[in-house]
There are 2 protein chains.
Amino acid sequence: MNPLDFVSGAAVVRASTPAACERCGSRVVGVCAALDIAGLDEISHETRRTPVKARESLFREGDPASSIVMLMNGTAKLSRLMPDGRQQVLGFRFSGDIMGFTQGRMYASDAEMLTDGNICRMTRPQLEAMLERFPATQRRLIDLCAQELALTQDQLVTVGRRHAEQRVAAFVLSLAEAARRRGTPPSLFDMPMTRAEIGDLLGLALETVSRAFTALRKRGLVRELGGHKVELPDMAALAALADGDG
Amino acid sequence: MNPLDFVSGAAVVRASTPAACERCGSRVVGVCAALDIAGLDEISHETRRTPVKARESLFREGDPASSIVMLMNGTAKLSRLMPDGRQQVLGFRFSGDIMGFTQGRMYASDAEMLTDGNICRMTRPQLEAMLERFPATQRRLIDLCAQELALTQDQLVTVGRRHAEQRVAAFVLSLAEAARRRGTPPSLFDMPMTRAEIGDLLGLALETVSRAFTALRKRGLVRELGGHKVELPDMAALAALADGDG
DNA sequence: CGGGTGTTTGACAGAAGTCAAGTGCAGTGG
DNA sequence: CCACTGCACTTGACTTCTGTCAAACACCCG
């Protein structure tokens with residue numbers, strides 16, 4: 001497996017036919033990427049771009065899945081709560097990702113912002129109407145799901161078969177890959193999540209995550225610049241380590 | 001999380017309008033469940049029911065994803081190979097499940113039969129044609145994907161946040177749930193996989209799996225009857241244990 | 001009946017979790 | 001402007017769980 005593919009389950013796909021969306025911002029993302037200008041215009045009447053703040057909850061596990069959320073800006077966290085109070089982070093999401101789409105009637109996870117940002121909500125009926133009216137968006141939703149599934153499976157491999165340091169290496173590489181997809185430099189990016197949240201993603205204690213970062217820092221594979229900025233001087237070596245050759 | 005929902009990532013959905021499929025057998029499964037009699041008739045011209053034997057490979061990771069496979073009968077294993085030779089089992093599949101659907105051009109995992117069985121293959125062009133001709137199958141594919149995604153996330157919770165014995169408890173409960181969906185008694189089912197394969201699913205060594213089974217047997221929560229038959233005398237207690245109350 | 005595969009069990013080593021203390025940093029308020 | 005306070009992070013010591021290695025056993029298939 002290529003650790004660059006691991007990522008935190010993000011379903012990021014760029015618009016194939018870039019077009020401006022007045023309400024949602026300049027980039028066309030998520031399912032809407034399949035829409036032409038006319039379709040976008042129709043949809044944009046019904047969705048609103050709204051600012052959200054760090055730590056704000058977007059939806060909760062078990063709540064009725066009344067709408068899907070497109071993340072226009074910022075970073076979010078998807079997680080589930082265990083009965084004993086601990087949480088499993090399912091993945092982090094970035095601008096361009098969609099969240100909250102489910103087959104069932106309820107959300108399958110919590111979603112919470114890690115940073116300030118902007119979202120667009122589309123209600124379930126609006127989504128259904130769009131799928132009906134623009135069949136191309138159906139195929140797109142299938143692709144988004146299939147891709148997200150593949151990425152979740154990748155994470156399963158990471159959590160199931162890698163040691164602590166390898167998991168953290170794979171994790172930072174996934175952030176790099178997510179940055180690349182957003183069109184920003186992959187070797188220098190933001191990492192707004194805490195050690196505890198990373199641990200809950202990777203199935204590790206926060207102290208173990210901290211020790212792994214220290215080890216990677218000492219090897220010169222990861223550099224933390226302050227302000228949650230991270231630099232990866234040697235991504236190839238990091239990938240080798242993640243795959244067990246380190 | 002409900003441990004009964006954990007399962008091995010199976011996307012099992014019964015036909016809402018049961019109808020006979022001459023080529024594939026008596027039950028209508030997978031995407032085809034959305035088809036009416038006329039559609040089934042049309043499709044059935046192009047797919048063939050073929051017997052497969054235990055340990056036979058259905059497709060391999062990295063091969064061109066030329067067809068999807070509907071498992072009519074028997075049990076299969078989906079897995080990925082790590083660079084160091086170890087494998088991560090992504091899930092087990094049962095009669096009624098579909099395998100090999102992917103957004104990319106290649107299969108994302110290996111698929112191998114654990115038992116003798118029967119499959120139907122549908123080529124990619126056939127699938128595309130069906131999706132085009134019968135839009136209802138598109139919605140069905142979305143649902144199958146979304147459901148499979150949710151189940152894979154469940155497994156992530158299991159592997160990431162549970163101890164060995166809890167994982168094994170969650171695993172046998174998932175087999176029970178899969179049996180229930182197939183319409184067979186949930187407290188008595190086949191378990192054709194080896195301890196090593198269970199370990200590769202749960203991120204455990206085979207010895208650890210064996211010890212966990214011994215412990216569950218001693219507690220009277222699991223009974224192995226020979227011939228790969230397993231009985232669960234107290235599923236509620238098992239669920240409590242899986243959730244950490246044990 | 002025999003051989004191979006899968007399973008169980010034990011002893012030990014090693015990785016990660018837990019508990020605890022101390023450090024650093026950022027935002028707040030005087 | 002600076003001290004204070006709270007949170008996140010780091011580091012150490014110790015414990016516990018799981019992995020590894022090894023041997024014996026059980027079971028199924030030929």
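Hey, got the average number of other protein chain Cβ atoms within 10 angstrom for residues in B:154-167?
Average neighbour count from other chains, rounded to a whole number: 6.
Quick one: grab the alpha carbon gyration tensor of the range A:204-246, order the square roots of its eigenvalues as a ≥ b ≥ c, and give me rounded if a/c is under 1.5, else prolate or oblate depending on whether a/b is larger than b/c. Could the numbers behind the result be given before it?
Working: a/c = 2.18, a/b = 1.13, b/c = 1.92.
Oblate.
Can you figure out the FRET efficiency of B:Ala215 with B:Asp84, using R₀ = 25 Å and their beta-carbon distance, to the nearest 0.05?
Values: r = 29 Å, r/R0 = 1.17.
Calculated value: 0.30.
Since chains A and B are linked by a rotation, which residue in A has the beta carbon closest to its axis, and how far is it in Å?
Smallest Cβ distance to the axis, with its residue: A:Cys145, 2.
In nm to one decimal, list the spacings between the A:Met82 label point and its equivalents in the other copies, with label points set 7 Å along Cα to Cβ, shortest first.
Here A:Met82 shows inter-copy label distances of 2.0 nm.
Which order do the peptides B:133-143, A:149-159, B:70-80 take when ranked by the mean count of other beta-carbon atoms within 10 Å per residue, highest first? Walk me through the numbers before you get to the answer.
Details: B:133-143: 18.7, A:149-159: 25.5, B:70-80: 22.6.
Ranking the peptides B:133-143, A:149-159, B:70-80 by packing returns A:149-159, B:70-80, B:133-143.
Mind checking how much accessible area A and B bury in total, 1.4 Å probe, in Å² rounded to 100?
Interface between A and B: roughly 4100 Å².
So what's the net charge close to B:Ala54: Lys and Arg +1, Asp and Glu -1, counting the other residues with Cβ under 13 Å from its Cβ? Mind dumping the intermediate values first?
Values: positive: B:Lys53, B:Arg55, B:Lys77; negative: B:Glu56, B:Glu112, B:Asp116, B:Asp190, B:Glu197.
Once positives and negatives cancel, what remains is -2.
How shielded is A:121-128 by partner chains, expressed as the average number of their Cβ atoms within 10 Å of its Cβ atoms?
Counting other chains' Cβ atoms within 10 Å and averaging over A:121-128 gives 0.
Heavy-atom accessible area per residue, the range B:162-242, 1.4 Å probe: how many Å²?
42 Å²
Dipole size in debye (nearest 20) for the range A:155-242 around its Cα centre, Lys and Arg Cβ +1, Asp and Glu Cβ -1?
160 debye
Put a label point 7 Å from Cα along the Cβ direction on B:Arg223, then list its distances to the equivalent points in the other copies in nm, shortest first.
Reported distances to equivalent positions: 6.5 nm.
Say a label goes 7 Å from Cα toward Cβ at B:Pro64 in every copy; what distances in nm does this one have to the rest, shortest first?
Distances to the matching label points in the other copies: 4.9 nm.
What pairs from A:Lys53/A:Lys77; B:Lys77/B:Lys218; B:Lys77/B:Lys229; B:Lys53/B:Lys229 go past 23 Å between their alpha carbons? Before the final figure, lay out the partial values.
Working: A:Lys53/A:Lys77 13 Å; B:Lys77/B:Lys218 29 Å; B:Lys77/B:Lys229 18 Å; B:Lys53/B:Lys229 20 Å.
Over 23 Å Cα-Cα: B:Lys77/B:Lys218.
Could you tell me whether the range B:101-246 comes out rounded, prolate or oblate from its Cα gyration tensor? Rule is a ≥ b ≥ c as square roots of the eigenvalues, rounded for a/c under 1.5, then prolate if a/b exceeds b/c, otherwise oblate. Before the final figure, lay out each step's value.
Details: a/c = 2.09, a/b = 1.98, b/c = 1.05.
Here the range B:101-246 falls in the prolate category.
For the range B:139-200, with all protein chains present and a 1.4 Å probe, just round the carbon and sulfur fraction of the accessible area to a whole percent.
Details: 830 of 1660 Å².
Using a 1.4 Å probe with all protein chains present, the range B:139-200 comes out at 50 percent carbon and sulfur.
Counting pairwise Cα distances across the range B:153-223, what percent come out greater than 14 angstrom?
On the way: 1469 of 2485 pairs.
Summing the P(r) of the range B:153-223 above 14 Å gives 59 percent of all pairs.
The values are calculated or read from the model by the stated rules, or taken from the named source; none is laboratory data. Fair warning: this is a prediction, and the values are worked out from it, not measured in the lab. For neighbour counting, all protein chains shown are included, and Cβ atoms are generated from backbone atoms with ideal geometry for every residue, glycine included. Remember, those area values only see protein heavy atoms, side chains included, never the ligands or the DNA or RNA. Shrake-Rupley method; radii C 1.70, N 1.55, O 1.52, S 1.80 Å.
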